[in-house]
Protein chains: 2
Amino acid sequence: MRDPWPITKEETEPNVFERVAEYRPPFSWRTRLFGRPLSSADAPHQTIGKTVGLAVFASDNLSSTAYATDEILFVLATVGIAAFVYALPISLAIVMLLTILTLSYQQTIHAYPGGGGAYIVARDNLGELPAQTAGAALLTDYILTVSVSVASGVAQLTSAYPFLFPHRVVLSVGFILFIMLINLRGVRESGVTFAIPTYFFVAILFLTVGTGFYRYMTGSLGVVVNPPPLRAPVMASVTLFLILHAFSNGTTAVTGVEAISNGITAFKEPKSRNAGITLIWMAAILGTLFLSITFLAVKIGALPSEEETVVSQLARTAFQGQGLLYLATIAGTTLILIMAANTAFADFPRLSALQAGDGFLPRQLTYRGSRLVYSRGIVALALIASLLIVLFQASVTALIPLYAIGVFLSFTLSQVGMARRWWKVGRLVPGQEVQERGSTLRYDPRWALKMGINGFGSFCTAIVMLVFASTKFRDGAWIVVLLVPAMVVVFYAIHHHYQDLAAHLSLEDFGSPQRMSRHRVIMPISGVHRGTVAALRYARSLSDDITAVYVSMDPAEAERVRSKWEWWGEGVRLMVLHSPYRLFLEPLVGYIEEVAAQRQPNETITVVVPQFVPRRRWHNLVHSQAAIWLRMALLFKRGIVITDVPYQLE
Amino acid sequence: MRDPWPITKEETEPNVFERVAEYRPPFSWRTRLFGRPLSSADAPHQTIGKTVGLAVFASDNLSSTAYATDEILFVLATVGIAAFVYALPISLAIVMLLTILTLSYQQTIHAYPGGGGAYIVARDNLGELPAQTAGAALLTDYILTVSVSVASGVAQLTSAYPFLFPHRVVLSVGFILFIMLINLRGVRESGVTFAIPTYFFVAILFLTVGTGFYRYMTGSLGVVVNPPPLRAPVMASVTLFLILHAFSNGTTAVTGVEAISNGITAFKEPKSRNAGITLIWMAAILGTLFLSITFLAVKIGALPSEEETVVSQLARTAFQGQGLLYLATIAGTTLILIMAANTAFADFPRLSALQAGDGFLPRQLTYRGSRLVYSRGIVALALIASLLIVLFQASVTALIPLYAIGVFLSFTLSQVGMARRWWKVGRLVPGQEVQERGSTLRYDPRWALKMGINGFGSFCTAIVMLVFASTKFRDGAWIVVLLVPAMVVVFYAIHHHYQDLAAHLSLEDFGSPQRMSRHRVIMPISGVHRGTVAALRYARSLSDDITAVYVSMDPAEAERVRSKWEWWGEGVRLMVLHSPYRLFLEPLVGYIEEVAAQRQPNETITVVVPQFVPRRRWHNLVHSQAAIWLRMALLFKRGIVITDVPYQLE
């Protein structure tokens, strides 16, 4: 027997037909909001070059220059202004850490051209548990990146316009939903949208520090006019712990450095090369800006304060007043902080799709929406980040201690993974190549050096993480310390379920099924009407063994049903269940279970439910949805098939 | 073929079996909360005598003595203390109105032994529209009775204990839920629970006014010590409008008088006689207390005030101080106000079940729960009243203007209906009896007098209603003026739907259905696994014309499915739908619709959906619920039957 409708592709087997479903979503508000749907074939075109790539993946990283120097000075100020001499050495140490991280991720990008964040590196080199830990740490951190950066952007806005302060939660959630919308349109369009503010920020900051250096050289720089008040020192002398604390506080500057390695696949070919160059650009810009700001800040006598940021003090000193260039610097900083959330929107969906693909997160996250983005991951990120904003009332102070631990945990795992990889490379003989899961191991004579770099890097990031976790534990870091293992447990529960399911659904060692020998039909009825008759007609086409069941709460009504059935029942047996306690579902399910308990092997019981479909949706409200409840009650019973015979009104 | 399991009742027809479902809900938290389930056969035992009946149906009515005098004095005080001489005549007029209403409802109770509130009287004598209007007015008022009386009870509590004020909304909702729970246990138990506070209130008030009269006779009553401050008069002289306003304000005393006539069926046999006597008791108690309070209040120089009620001033004057008896009076008043809500809980579910039985409200409201009460009506009332409490923040001042219009509208309709009935009685010849829908018309020589009483009563209540609506229109009465017609429109929409449905489901003039000639099966699959094989086995038992459909988003995956199908597909045709836009539902539904469009008369299309049933509920979260979405998409298509073949893991 052949199919009667057109087949657009040639027949491949006598009984297998293929065709391309021409269905495309019609133009609607969705199209207007998200852009025209993209076919899977368009995927390769949805990639970005280095210029846009820098804007998409660097905004998180670069935005930290807006506050990293402040964070160092805050710690040093607990001893006094004299301790500020340590600011530049500490910044240099952080730039060294940045260099190590850049080298490490440069190597990762080339070793894992298919995209290799901490998750993949840990998975391929350290095993499942470290990989899932890295995944949990990164997902937590991406969510916090969104919440923290949007909240701090809004905080900049509300300190300039205090009347907006009561609306900060709504504003923050609004910004998150806006960024979500742009990301649902797809990576290329979001890249273009975000390129302008990112480059504007970079340009205006270079102008600020450039002007600052020029004035410094010509001796016209001077010091900050009316610096904000400094709190009295609380500590007597500089200790090692203080230096470490200042260092770990300043390392907030390097958060986001891993973003590019997660997003390699978004780049144009050659992906690794483009991504690698973008990473170097990013690190160079970040290092230059960060060192320059710290250097100039100390020179002009800038003071850390909740009231005015160091960048603001530097800008008004360099530009000699609060003119247009000063305002542009503040505006650019505000914008980049909000844009920083976009990096998380680029990476969170990719990472969650990866984990879902490995079976540690719900499979739905691997689904690409009409614009070829992992739309469910994007929506999930926006919702969770908004929830955090609401819970913490958009307070940056409350959110900050939760932040950065995840990043440094993933840095550490990633670098330990890379070190392990170099060790494996060192075991190879020259010229030998070994194919591994996600990458190719190739002999490299400098494997020991590279292993050293990664090992040292992982040591540094582990120290930073521990200092972070211990100094900020009470302020909220404990939440992350508990959350990450909890997430790992959930990941494993999901994974276990998928594996269990696959084992039970597998057709291996599964004998050919026998045909059913007997087919029994039970048809619950609520009365005798056209819907019942239609369902009966259907039931008769299934089997000759049919029992109609009527649950009676009123003997008079039962009598009416009985006499009507005599005429319309076509001789089919009717069981009247009197329900003295006026229960409907329980006696019916009880009866069906009784029948099911007596079923023979290869006998199937089909419950045929006449389902009335009203003409309008609201009509459902005035009908007891007994059919739906029955379905839910029977869904977990073995060997019972539920058939809904819809009866629609004309 | 005979059923293999035991039949507890004798066979009534060769193919009709009956049995009593032994299923009774097991002992559980439900039993603990609501009491043991009651069989329908217990219904006659769940009735109440006159003593409990008074407590159940009179608390609303009697509680108004706690504020009715205040309401009159408030209006008179706008002219000054001199106008208080009108208080007693106005109260007498209200008691006359009460007498007319009592006579009218006495007649109603005997004419409608099956329960005859305004709804039934209007329905049987005036027609559908007046009946539905009365129904809407009463339902609105019952809801407001709950909200207003609980809110005012809580207001008494919070004025005594101001620290509870911030929790007034939670407290009010808590009280409503508590009363709901007691009512869900059934009318008899709620009656017993409520009898104590009602009789306590009546006893303590009689003691108060008795003491007052004794002191008045012996000349030792005196005047109120430290009366609350009186606002300065704002009007120059007493006008007719002022008297009418004071009168209509005072008529709040008669609200709730209709409660017994709605609840006749809850009484023990002889129902009409018991209900009638209870009504007279109630009216006598109300009239005596109300007149006594007004008389004594004027004598002791009590002043209306937001700070202290007239009852409180009277009690401390009569008991000469704020001793134990004074406190008992205040406590009794607070309790009865909260209990007043119980009357609405007794009547609202009965009325809504009546209207639902007539097809003007969702049929589910006619269902009696395990304790033989209309549990859905009880829950609905509690939810709507709680919603009002939350919306109006438990403010009595905001709720009061909405109240009482509905009562007087229903009074008017009920009495017009009774007048019409007497007119019909007057058309009969002596000795003649005519059976009408809900009652028997019997010739009565005094029909003209009775018609006059009812006519005059309806005139009075109509005036009160109009004065009410106009003087309080802006304060919130407009909501009710809009709401009642809107509710009537909804009632008719529901009625129209039920009638339309009955016409379409009717088997009159419905030819015997033909047997199906052809049966086509479409089976969407998500892959080839044990679940698919089980569903295929089932599909093969239905028909030989089967098409499996696979929606492919990934050509490599499609190839795997195709080759697996060659082995497991048993030669059944497979249609692969390539979906370049990664849509699942749309191509599938499109294909099914295409097939359905070509279906012949008497051909049925069954969509067999392999439905995976996970072992734990949370597992559903990690599966895309495609089967459910498919069901919802197909439910409205003509001639398509949906069969779920569940596949459970061991």
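Where chain B is carried onto chain A by rotation, the Cβ closest to that axis, with its residue and distance in Å, is B:THR643, 2. Give the distance, in whole Å, between the Cα centre of region B:383-420 and the Cα centre of region B:247-264. Distance between centres, Cα-based: 11 Å. Within the shell of other residues whose beta carbon sits under 13 angstrom from the beta carbon of B:VAL146, the net charge comes to -3, with Lys and Arg scored +1 and Asp and Glu -1.
Sequentially through region A:134-147, phi angles give Karplus couplings (6.51, -1.76, 1.60; θ = phi - 60°) of 4, x, 4, 4, 5, 4, 4, 5, 5, 4, 5, 4, 4, 4 Hz, Gly and Pro residues having no value and appearing as x.
Starting from the label point of B:GLY80 at 7 Å along Cα→Cβ, the same points in the other copies fall at 8.2 nm, in ascending order. Each residue of region A:78-87 is assigned a 3J(HN,Hα), and the resulting list reads 5, 9, x, 4, 4, 6, 4, 4, 7, 4 Hz, derived from the Karplus form 6.51 cos²θ - 1.76 cosθ + 1.60 (θ = phi - 60°), x at Gly and Pro.
Angle of helix B:405-426 to the longest C-alpha principal axis of chain B, folded into 0 to 90 degrees and rounded to 10: 90°.
Inter-part distance, region B:277-309 to region B:57-100, computed on C-alpha centroids, equals 7 Å.
If you fit an axis through the alpha-carbon atoms of helix A:530-542 and take the longest principal axis of the Cα set of chain A, what angle between them do you get, 0 to 90°, nearest 10? Approximately 90 degrees, to the nearest ten. Other protein chain C-beta atoms within 10 Å of residue C-beta, averaged over A:566-577: 5. Shape of region A:47-492 from the C-alpha gyration tensor: prolate (a/c of 1.5 or more and a/b above b/c, with a ≥ b ≥ c the square roots of its eigenvalues). As a rough footprinting exposure proxy, the listed residues B:THR288, B:THR140 were ranked by other beta carbons within 10 Å of their own, and the order from fewest upward is B:THR288, B:THR140. Per-residue shielding of A:537-544, expressed as the average number of other chain Cβ atoms within 10 Å of the residue Cβ, stands at 4. For B:ILE300, no residue 5 or more places off, or on another chain, has a built amide H under 5 Å of its own. Each of A:ALA534, A:ALA556, A:GLY639 was placed along the dipole of region A:518-648 (beta-carbon charges, centred on the mean Cα), and the one lying farthest toward the positive end is A:ALA534. Proximity of backbone amide H atoms, modeled 1.01 Å from N, is registered between A:PHE17 and B:LEU574, B:MET575, B:VAL576 at under 5 Å, excluding neighbours fewer than 5 places apart on the same chain. Each of A:ILE100, B:ILE605 has some number of other Cβ atoms within 10 Å of its Cβ, and from fewest to most they run A:ILE100, B:ILE605. Computed packing ranks the peptides B:374-381, B:241-248, A:217-224 as B:374-381, B:241-248, A:217-224, most packed first, by mean other Cβ atoms within 10 Å. Across peptide A:586-594, the average count of Cβ atoms from other chains found within 10 Å of a residue's Cβ is 3.
Restricting to DSSP H runs of at least four residues, report the calculated mean residue ellipticity at 222 nm for chain A, -39500 (n - 2.57) per run over all residues, nearest 500 deg cm²/dmol. Roughly -19500 deg cm²/dmol at 222 nm, from the helical runs in chain A.
Peptides A:263-273, A:421-431, B:103-113 ordered by packing proxy, namely the average of other Cβ atoms within 10 Å per residue, highest first: B:103-113, A:263-273, A:421-431.
Count Lys and Arg as plus one, Asp and Glu as minus one, and take only other residues whose Cβ is under 9 Å from that of B:ASP124; the net charge is then +2. A cut-off of 5 Å between modelled amide H atoms, ignoring neighbours fewer than 5 places along the same chain, links B:ASP545 with B:VAL521.
Across region A:291-300, computed HN-Hα scalar couplings (Karplus, 6.51 cos²θ - 1.76 cosθ + 1.60, θ = phi - 60°) run 5, 4, 5, 4, 4, 5, 4, 5, 4, 7 Hz from first to last residue, x flagging Gly and Pro.
Which entries of A:LYS637/B:LYS564; B:LYS268/B:LYS450; B:LYS271/B:LYS450; A:LYS268/A:LYS472; A:LYS637/B:LYS637; A:LYS50/A:LYS450 show an alpha-carbon separation above 32 angstrom in the structure shown?
Beyond 32 Å: A:LYS268/A:LYS472.
Averaging the sequence gap over all C-alpha pairs within less than 8 Å and six or more residues apart, then dividing by the number of residues, gives chain B a relative contact order of 19 percent. Decide, for the protein assembly as shown, between rounded, prolate and oblate: order the square roots of the alpha carbon gyration tensor eigenvalues as a ≥ b ≥ c, take rounded if a/c falls under 1.5, and otherwise choose prolate if a/b is larger than b/c, else oblate. The shape class here is oblate. Determine the shape class of region B:518-648: with a ≥ b ≥ c the square roots of the Cα gyration tensor eigenvalues, call it rounded for a/c under 1.5, and otherwise prolate if a/b is greater than b/c, oblate otherwise. Rounded.
Quick note: the coordinates plus some simple rules give every number you see, no bench work behind them. The shown structure was predicted, so the numbers you read here are calculated from the model rather than taken from an experiment. With ideal geometry, Cβ positions are generated from the backbone for all residues, glycine too; neighbour counts draw on all protein chains shown.
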